[in-house]
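Peer 1: One structure coming up, written as structure tokens, with questions to follow.
Please treat every number below as a calculation from the coordinates, not as lab data. Treat the numbers as computed from the prediction; the structure is a model and nothing was measured. Every residue, glycine among them, receives a Cβ derived from its backbone with ideal geometry; neighbour counts consider all protein chains shown.
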Protein chains: 2
Amino acid sequence: MTVSPAAERAPRARFRPLAVPQVELRGFWGARADAVAGRTAAILYERCVEAGMLDQIDPDRPSPGVRIPFHVSDGFTASTVTTQMFWDSDLGKTIETAAYALNRRRDPELEARIDAVIDMYGKLQQPDGYLSSWYQRIQPGLRWTNLRDCHELYCAGHLIEGAVAYFHATGKRKLLDIMSRYADHVGSMFGPQPGKRKGYCGHEEIELALVKLSRATGEQRYMDLAKYFIDQRGQAPHYFDEEARARGADPRDFHFKTYEYNQSHKPVREQDKVVGHAVRAMYLYSGMADVATEYGDDTLRLALDRLWDDLNAKRLYVTGGLGPSADNEGFTADYDLPNETAYAETCAAVGLVFWASRMLGMGPNARYADTMELALYNGSISGLSLDGSLFFYENPLASRGGHNRWKWHRCPCCPPNIGRLVASIGSYMYGLADDALAVHLYGDSTARFSLGGSEISLTQTTHYPWDGGIDINIDADAPNRFTLHLRIPGWSQAAALSVNGEKLDLAAVVRDGYAAIEREWRPGDRVRLALDMAIERLYAHPQVREDVGRIALRRGPVIYCAEATDNAASLNSLRVPRQVQFEARFEPGLLQGVVTLSADVEAETAQDWNGALYRTQGPQAGAASLKAVPYFAWDNREPGEMLVWLRGQ
Amino acid sequence: MTVSPAAERAPRARFRPLAVPQVELRGFWGARADAVAGRTAAILYERCVEAGMLDQIDPDRPSPGVRIPFHVSDGFTASTVTTQMFWDSDLGKTIETAAYALNRRRDPELEARIDAVIDMYGKLQQPDGYLSSWYQRIQPGLRWTNLRDCHELYCAGHLIEGAVAYFHATGKRKLLDIMSRYADHVGSMFGPQPGKRKGYCGHEEIELALVKLSRATGEQRYMDLAKYFIDQRGQAPHYFDEEARARGADPRDFHFKTYEYNQSHKPVREQDKVVGHAVRAMYLYSGMADVATEYGDDTLRLALDRLWDDLNAKRLYVTGGLGPSADNEGFTADYDLPNETAYAETCAAVGLVFWASRMLGMGPNARYADTMELALYNGSISGLSLDGSLFFYENPLASRGGHNRWKWHRCPCCPPNIGRLVASIGSYMYGLADDALAVHLYGDSTARFSLGGSEISLTQTTHYPWDGGIDINIDADAPNRFTLHLRIPGWSQAAALSVNGEKLDLAAVVRDGYAAIEREWRPGDRVRLALDMAIERLYAHPQVREDVGRIALRRGPVIYCAEATDNAASLNSLRVPRQVQFEARFEPGLLQGVVTLSADVEAETAQDWNGALYRTQGPQAGAASLKAVPYFAWDNREPGEMLVWLRGQ
């Protein structure tokens, strides 16, 4: 997990993700995708309806008007019944999740419901293409007056992503056409041309969505508009200042005080610290990476690598979670990574997967893929219960037992975000270039794609992430020369690679953490990769004050935690001595089948304290057992204490 | 600091505090009292005026009406300019502080200002005796409709305390008479008699104030009213329920959800856990202890000892601070003592001094006096800057450098509370019974009192708390038989006691942590007490998760902390090995003269991390120096990190 200096890169390549239907998942991700397809997708739709979202978007119903949000934290209450300016985005992500779910499992009832929502948007759309349920139905007359705070283009972005996914899943163009018209309207309002607004959204999202729209429709103008929004961000005079004055407000009267909050404090190419609202940051950098890839823009790439280093060196939880503070839902000071109060929003870790995957568009490089895998297996999927029905918004690394999964949230951004990520994970596993395929993630699955005019299927057979052995079979209709890039994860202390039984010299073929095998691939070729999955103790940089004197446990890509239900002693009374060996064991009946880690450790005892709170003698310690489970699976059993950073040396 | 079971007690005695003017302070407390008399007292008055309090109380000015409070934390801003329902209490405490200051140092200007405030209250008082600037000037017509939330009797209590102190300091009866009339009005409204209200205040305070008023005026009816408020608290039917219904509100619509918040969840004699708002709890228990003393009420004493044990065993910071949570300004779960986010309001530690001192009314017992001294030297006076001009509201035990002293606070309860405590500390040093004097606290000073018909002066000559040697000289106009109780602090590993050079066998004379010397005292008698002040490492109970693997340093009554300005390395990178010896050194030029503690320790280095945030190898450690200063004196120099619980074994 050390950060290597940006390595010299091969001549420019563009690796694009496979579309979701191209990858058939089995094993670990198959089970997670089944939970989303079988449960989450329908739940998202139903909770959007319960929250009243359809009342807001359906022009045939009376407008619900503004309702005051009241936040309570007992799972599902009246608190969710409030109109929200970002509801179009939640519906967009719900449509997107449903689309990926339909890829996995036909579901005519769900499809009919989504079609009905799309019909409402079709009716709602203005003749000029404009489409916002908030500004058309709740606050009419105010469109384009407050991009800083009101999520107007952000909502458009999520509906665009939903439209693209639904088109790929069902072949139905209706929402894609609606959103293309809206994108054209946006393009008529914003851009470098005289007379157009020089603005961009306070919550980034439309940038990456327009790249998707461009790729799906083949229309370059959407790509150019994405690039415009990125290039324009943070330029002087500052758009949010001018916009505030135009609506009669004082620009200084901004709740979050600094434009770092939405990453518009300076032009993006000058940015070098990851700041502000974490999800916004991740979405911006994702869009920047897409544009860097598509335009071969090294000035963006340079800024992205600076930002990547800053995030990975100073502000990333060991779980791949990010954004420690609830105040700005985002970043604070260097090395400020509190565990119990970690905000570490599910959406932010999902956003990091987005960003990392897009950095891989510029070529395979394990520094991006390792972090993508970390965020994926830990800090993001921790946000979804194993059965697909309950959610985390915050993902702390320690809990006294009171942090539990929710049915829903007043700001329901996380449930559909983790839903769409899990259901589309196949598209993050591979990158396809003109003459190469990169395997970024391992997992039991089959991918089908075209390369050099051939139809190829690549099958991974593996128990990953519980076992480091991966068998890859390549089938094609004809022999075909291309480079297969196989990631050698940074966490693996040893790896062995063979093609058709013949061992490869890894040192000779690995570059940027990927083994590059260039050859003429023939039907039936077999690749075998064996990754060492030793149990590792991780130590945090001494400036991370909350982790001093503590260790985290990692095995393969999986970060572990202790939960009260598996441990007799209170978790902070446990100490892991330096010489202790952990034992890994696959438990098929536990948490849908996980590898657990166990060891004999020490526990400080409270027995001889006799009512004292402080004393001059240190605590006595006795023998105890410690059992750890994967962090992503925590709080799927009875509520209780949880701890990632264990006391130890 | 261990909690001993409640020891069997001597036959009932009533030890009452000396009045403030009876004790002349020098040394440590003399300097602190000078800061309050010379600076704080005037500052309190001026900031009350700046906040607009006189506009609220002066009937000759237009009513300022309700103004919206807006909280900002930059020291002194418009945030303080808002009307508040508890302003009478702040003026009461300001008057009280000024009174004690006038004892120390005549100040005709300050006295004239206080006289003018008293004149305003005189004009404001209704013919029936009622007096509340809030309910008379800001919300007329609503008196006695919401005792639960609106501090009505609490305000009366603080004005009564101010009146008693001002009477003792100046001999002027005007405010004492005003408040006696008001107390009579309160007594006509509340009480067990038919037709009177069965209520009590949501914020306890009037109970202990009425005891003071009774002692000052000799009127038993005020004592009885105090007892009534205590006896009635938490009885069914619940007054706050009935009161809410009477004003047309739903009793369940209570912001703090549970009556534990104001300790009215059950009758006081049934309470066994210290719960709710910390200051309220301390004030209630103080009143209970006064009533237990005055009425010899063992049923109250039993409840108080249970509560005392609960506080000392499960919810007291090592500094004597208390109430970890900002949410309820109070108590949470057992052993929940977070350091950086500790609320530990200055007023709560001051309140604990009040409570502990009143437990001593029932007889000398070091279990109360040790905690009183702890809270006094650490968690309470930390709330006042050394020069008497700046304040802490919260007193965390760790800071990253951003927690700094304030000029004022929107809810300005703490500044006058710590002011009045420091300026009246002499009265906490001694307890006087019919045939005994107890010395609870040591400090360079002279006390003058009457006992058995003689006028006695007792002079302590000492550098306490920096040195454990105390010379006590007793002067009287005639020989006089009484018992002198001298506290042997629990923190002292060894003590030696002699009278006129003759050594006493401590084991034979110590009971409940006090040496009892009964003899005929003659003019010129000399007592010498030598207390060991070894530097101690304190460990917290293993259930205090924030303190595991950490130590606190104590020398005598003083708890230490490390500050950035004295230490080169970041404080959490420092580790104190088990065998390390600390050195104590008096530094006369530092922080007005303090003993510092120094040692050679280890510091983990960040030098070889090369940009990594996590790695599989533990941090390297090198040699470093650690210097600690008294916790109470922190943040009196340049802002920076602070840490009480150091990493160590």
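Peer 1: Taking θ as phi - 60°, what are the ³J(HN,Hα) couplings along region B:480-495 by the Karplus curve (6.51, -1.76, 1.60), each to the nearest whole Hz, with x for Gly and Pro?
Peer 2: Working through the residues one at a time gives 7, 8, 7, 9, 9, 9, 10, 6, 9, x, x, 6, 7, 6, 8, 9 Hz.
Peer 1: Three principal axis extents, largest first, for the C-alpha atoms of chain A, in Å?
Peer 2: Over chain A, Cα extents along the principal axes are 73, 71, 49 Å.
Peer 1: What order do you get for A:114, A:472, B:57 when you list them from fewest to most C-beta neighbours inside 10 Å?
Peer 2: If I rank by nearby Cβ atoms, fewest first, I get A:472, B:57, A:114.
Peer 1: On to the next question. Quantify how strongly other chains surround peptide B:599-606 by giving the mean number of their Cβ atoms within 10 Å of each of its Cβ atoms.
Peer 2: Mean number of neighbouring Cβ atoms from other chains: 2.
Peer 1: Determine the relative contact order of region A:291-370: mean sequence separation of Cα pairs under 8 Å and six or more apart, normalised by residue count, in whole percent.
Peer 2: Here the relative contact order equals 22 percent.
Peer 1: Which listed residue (B:279, B:94, B:159) has the Cα farthest towards the positive end of the charge dipole for chain B, taking +1 on Lys and Arg C-beta and -1 on Asp and Glu C-beta about the Cα centre?
Peer 2: B:159
Peer 1: Taking the Cα centroid of region B:263-279 and of region A:310-354, what is the distance between the two, rounded to the nearest whole Å?
Peer 2: Each part's Cα centre sits 40 Å from the other's.
Peer 1: Need one number: convex hull volume per residue for region A:137-210, Cα atoms only, in Å³.
Peer 2: Convex hull of Cα atoms, per residue: 99 Å³.
Peer 1: Looking at region B:335-397, which GluC sites (Glu not before Pro) are in a loop (DSSP not H, G, I, E or B) and have at most 12 other Cβ atoms within 10 Å?
Peer 2: Listed in order of number, the matching sites amount to none.
Peer 1: Something else now. What does the average come to when, for each residue of peptide B:338-346, you count the partner chain Cβ atoms lying within 10 Å of its Cβ?
Peer 2: Averaged over the peptide's residues, the number is 1.
Peer 1: Just need log10 I(q)/I(0) for region B:28-70 at q = 0.28, 0.30, 0.32, 0.35 Å⁻¹, Debye formula, equal scatterers on the alpha-carbon atoms, no solvent, rounded to two decimals.
Peer 2: For region B:28-70 at q = 0.28, 0.30, 0.32, 0.35 Å⁻¹, log10 I(q)/I(0) is -0.94, -1.00, -1.05, -1.10.
Peer 1: Further question on the same structure: Could you rank the peptides B:348-357, B:447-456, B:255-264 by their average count of other C-beta atoms within 10 Å per residue, with the highest value first?
Peer 2: B:348-357, B:255-264, B:447-456
Peer 1: Also, I was wondering about something else. Cα convex hull of region A:195-252: mean projected area in nm², to one decimal?
Peer 2: Averaged projected hull area, Cα only: 4.6 nm².
Peer 1: For a bin width of 10 Å, list the pair-distance distribution of region B:473-620 built from all Cα-Cα distances, rounded to whole %.
Peer 2: 8, 25, 24, 19, 12, 6, 3, 1
Peer 1: In units of 2.2 N^0.38 Å, what is the alpha-carbon radius of gyration of region B:139-261?
Peer 2: Against the compact-globule rule of thumb, the ratio is 1.10.
Peer 1: If we count every other residue with Cβ under 15 angstrom of residue B:243's Cβ, Lys/Arg +1 and Asp/Glu -1, where does the sum land?
Peer 2: +3
Peer 1: Kirkwood-based Rg over Rh for region B:80-123 (C-alpha set), two decimals?
Peer 2: Rounded to two decimals, Rg/Rh equals 1.02.
Peer 1: Next question, about the same structure. Normalise the Cα radius of gyration of region A:133-177 by 2.2 N^0.38 Å (N = residues in it) and let me know the number.
Peer 2: 1.40
Peer 1: Then there is this: Compute the Rg/Rh shape ratio of the protein assembly as shown: radius of gyration over Kirkwood radius, all on alpha-carbon atoms.
Peer 2: Result for the protein assembly as shown is an Rg/Rh of 1.03.
Peer 1: Here's another thing I want to ask about it. Normalised by the residues of region A:555-649, what does the relative contact order come to in percent, with Cα pairs under 8 Å and at least six apart?
Peer 2: Answer for region A:555-649 is 44 percent.
Peer 1: Between the alpha-carbon centers of region A:515-556 and region B:578-649, tell me the distance in whole angstrom.
Peer 2: About 36 Å separates the Cα centre of region A:515-556 from the one of region B:578-649.
Peer 1: What average number of partner chain Cβ atoms lie no more than 10 Å from the Cβ of the residues making up A:545-554?
Peer 2: The mean count of partner-chain Cβ atoms within 10 Å per residue comes to 4.
Peer 1: Further question: Among the lysines, which fall within straight-line cross-link reach of residue B:273, defined as a Cα-Cα distance under 29 Å, with same-chain neighbours fewer than 8 residues apart omitted?
Peer 2: B:93, B:198, B:212, B:227, B:257, B:314
Peer 1: Compare the Cα positions of B:504, B:531, B:517 along the charge dipole of region B:499-545 (+1 at Cβ of Lys, Arg; -1 at Cβ of Asp, Glu; about the Cα centre) and return the one farthest towards the positive end.
Peer 2: Highest projection toward the positive end goes to B:531.
Peer 1: What list of whole percents do you get for P(r) of region A:568-649, with Cα-Cα distances grouped in 5 Å bins up to the one holding the largest distance?
Peer 2: Calculated P(r), rounded to whole percents: 3, 13, 21, 21, 18, 12, 7, 4, 2, 0.
Peer 1: Also, I was wondering about something else. Only loop residues by DSSP count here, and only those with at most 16 other Cβ atoms within 10 Å; note down the trypsin sites (Lys or Arg not before Pro) in region B:619-649 that meet that.
Peer 2: B:637
Peer 1: Quick one: A:24, B:604, fewest Cβ neighbours within 10 Å first, how do they rank?
Peer 2: A:24, B:604
Peer 1: Which residue, A:176, A:25, A:419, has the largest displacement toward the positive end of the dipole of chain A when charges sit on each Cβ (Lys, Arg +1; Asp, Glu -1)?
Peer 2: The residue sitting most towards the positive pole is A:176.
Peer 1: Shifting gears a bit: Using a ≥ b ≥ c from the Cα gyration tensor of region B:329-425 (square roots of the eigenvalues), is it rounded, prolate or oblate, where a/c under 1.5 gives rounded and otherwise the larger of a/b and b/c decides, a/b for prolate?
Peer 2: Since a/c reaches 1.5 but b/c is at least a/b, the shape of region B:329-425 is classed as oblate.
Peer 1: If you wrap a convex hull around the C-alpha atoms of region A:256-322 and split its volume per residue, what is the figure in Å³?
Peer 2: 80 Å³
Peer 1: Exposure proxy check: B:198, B:314 ranked by fewest other beta carbons within 10 Å?
Peer 2: Least to most surrounded, the residues fall as B:198, B:314.
Peer 1: Evaluate region B:244-363: find the radius of gyration of its Cα atoms, find its Kirkwood radius, and give the ratio Rg to Rh.
Peer 2: Here the Rg-to-Rh quotient is 1.00.
Peer 1: How long are the three semi-axes of the equivalent ellipsoid of region A:96-169, in whole Å, if each is the root of 5 times an eigenvalue of the C-alpha gyration tensor, listed from largest down?
Peer 2: Output for region A:96-169: semi-axes of 27, 13, 9 Å.
Peer 1: Which ³J(HN,Hα) values, rounded to whole Hz and listed in residue order, are derived for region B:113-119 from phi using the Karplus coefficients 6.51, -1.76 and 1.60 in 6.51 cos²θ - 1.76 cosθ + 1.60 with θ = phi - 60°, glycine and proline given as x?
Peer 2: Those phi angles translate into 5, 5, 4, 5, 5, 4, 4 Hz.
Peer 1: If amide hydrogens are placed 1.01 Å from N in the peptide plane, which non-local residues have theirs closer than 5 Å to the one on residue B:518?
Peer 2: Counting only residues 5 or more places away or on other chains, the set is B:484.
Peer 1: Can you compute log10 of I(q)/I(0) for region A:404-479 with the Debye formula, treating each Cα as one identical point scatterer, at q = 0.11, 0.16, 0.18, 0.20 Å⁻¹?
Peer 2: Debye curve over Cα of region A:404-479, log10 I(q)/I(0) at q = 0.11, 0.16, 0.18, 0.20 Å⁻¹: -0.42, -0.71, -0.81, -0.91.
Peer 1: Based on Cα positions only, what radius of gyration and what Dmax would you give for region B:299-358, in angstroms?
Peer 2: Cα only, region B:299-358: 11.6, 38 Å (Rg, Dmax).
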